[in-house]
Amino acid sequence: MPYLIDGNNLIGVYPFLEQGTVRSREFVIRRLLKFHHLTGKKIILVFDGAPHASPHRWDISPRNFTILFPSFGESADDVIKRNLKAGVVLVSSDRELVEEARRRKLRWMGTRDFARLLERFQQEQREKPDWKPTPQEMEVWLKIFGQKP
C-alpha cells in the first residue's frame, strides 16, 4: 500500500529541523529512502513551497519514490488531496487532511506514529553490520546531488 506523506508535517515532528530548508527536506528524504528500501513501499512525498534546484516533480527512484511540489497558486494540501485515493495511506496530522481521508473512508496515520515507525526501521538497519547502499540508492543520491552515475 503506497504512503502519501505530508512532508512539512513530518518535518514538524523533529524539533531539530526547520521548515523549508534543504537540510530538513534531505533528512526526511534519507529516512524515507531507507524505509522504502527495506519495505519496497511506494512513497509519494509532498512538500510545501518551491523545490530547491529541482524540477516541479522528482521521480528519483525506479522503484516508486516520488517527490511532489505544488504548482504556483496551489498548496501542498491541494496536491495531497488530488493524490488521496483508494489504496493510499495518508501520513499527516493536518486536521483538514485527516478529515478528508476519513470522509473518503481511507486509511491514514499521524506523522508522530509514522516517525516512530521510521525510527524502528532505522534501528533495525543499524543492527545490520554489513549494510551497503543498493545501486538504486546510489543512483538516487547521485541525482539528488546533481552528479551523473
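Tabulated results
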{"item": "Condition met for R25 (surrounded by 13 or more Cβ atoms within 10 Å (Cβ to Cβ) and at pLDDT below 90)", "result": "no"}
{"item": "Verdict on W141 being modelled with pLDDT of 95 or more and aromatic (F, W, Y)", "result": "no"}
{"item": "Residues satisfying the stated conditions in the range 84-106, i.e. under 18 Å from the mean Cα position of the chain (by Cα) and surrounded by 14 or more Cβ atoms within 10 Å (Cβ to Cβ)", "result": "L84, V88, V89, L90, V91, S92, S93, D94, L97, V98, A101"}
{"item": "Evaluation of D6 against (1) farther than 19 Å from M109 by Cβ; (2) buried (at least 18 other Cβ atoms within 10 Å of the Cβ); (3) among the charged types (D, E, K, R) (one fails), failing number", "result": "(1)"}
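The values are calculated or read from the model by the stated rules, or taken from the named source; none is laboratory data. Quick caveat: nothing in here was measured; it's all calculated off a predicted structure. Here Cβ is always computed from backbone atoms with ideal geometry, including for glycine, and neighbour counts include all displayed protein chains.
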